[in-house]
1. Given the C-alpha atoms of region 1-44, compute the convex hull and give its volume per residue in Å³.
2. How big is the charge dipole of the chain about its Cα centre, in debye rounded to the nearest 20, if each Lys and Arg gets +1 on its Cβ and each Asp and Glu gets -1 on its Cβ?
3. Kirkwood Rh over Cα pairs of region 68-115 into Stokes-Einstein at 20 °C, 1.002 mPa s: D in µm²/s?
4. May I have the convex hull volume per residue, in Å³, for the Cα set of the chain?
5. Counting only complete DSSP H runs, which helices of the chain cover 18 Å or more along their long axis at the Cα atoms and score a mean Kyte-Doolittle of -0.5 or above?
6. How high is the relative contact order of region 1-141, in percent, with contacts defined as C-alpha pairs under 8 Å that are six or more residues apart?
7. How far is the Cα center of region 18-36 from the Cα center of region 129-143, in Å?
8. What FRET efficiency do you get for E18 and A186 if R0 is 30 Å and r is their Cβ-Cβ distance, rounded to the nearest 0.05?
Amino acid sequence: MFDAIAQYVLPAMARLHEPELRFWSAGCASGEEAYTLAVLCREYDDAAACAPRTRSLGHRVRIVGTDIDRGSLETAERGRYPEASFNETPAEIRSRHFGGAAPCSVSAQMRAITSFQRRDLLTDDAPFVEAHLIVCRNVLIYFDRPTQEAVLQRFHTLLASGGFLVLGKVEMLLGDARPLFATVEARERVYRKR
Ligand SMILES: C[S@@+](CC[C@H](N)C(=O)[O-])C[C@H]1O[C@@H](n2cnc3c(N)ncnc32)[C@H](O)[C@@H]1O
């Protein structure tokens, strides 16, 4: 899913002439998803710096992770993760963006663009209107089908024109939400607001 975001979403984001790019990790649990978005942005910009005529994301990205669970959010805000959290992280990414020995702390640079808020996806306001990217993975499964459809339609309303919705492998667009999005990548369920 993160590869798909790097491949399809970030280049489109970089091309936008917006002073701020708002990324929302909805149902972020203990923060790994939000910080991984921060890593992807940094990696994207490092690669853009070496490629002529490629625009960077620059300092425009703001990532907000939201969750209903206070304990998870405390872990997210702490930003320190045990060794096991890095089992699938390439060694060079780990050394570039996280401190040395476990527990590894996220870098100050990642913290500067990432924050967390407690929000109930079903009843609270979103962290921002006009989001450019909403990632909501393994969260809709908690809700019944009518609620899933309502959340998906709300995401559509909350996205900026041409904004992206990423659901990951497990969940998909349903019912009346289907025609609201174009499919960008079917396997990882990357969609773009029509
Ligand atoms: C399985 S985790 C997914 C974490 C992350 N998105 C990922 O894929 O790694 C599901 C998260 O959804 C959160 N959640 C469940 N119902 C929610 C609601 N109504 N509002 C906000 N978050 C909710 C849970 O607290 C939990 O942290």
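1. Working: hull volume 3.3 nm³, N = 44.
Each residue corresponds to 75 Å³ of Cα convex hull volume.
2. I would put it at about 480 debye.
3. The calculation lands on 188 µm²/s.
4. So the per-residue hull volume is 117 Å³.
5. 32-50
6. Details: 196 pairs, mean separation 47.7, N = 141.
So the answer I get is 34 percent.
7. 10 Å
8. Numbers: r = 27 Å, r/R0 = 0.90.
Between E18 and A186 the formula returns 0.65.
Rule-based calculations on the coordinates, nothing more; no lab input. As the structure is a prediction and not an experimental result, all values here were calculated from the model. Ideal geometry is used to build each Cβ from the backbone, glycine not excepted, and the neighbour counts take in all protein chains shown.
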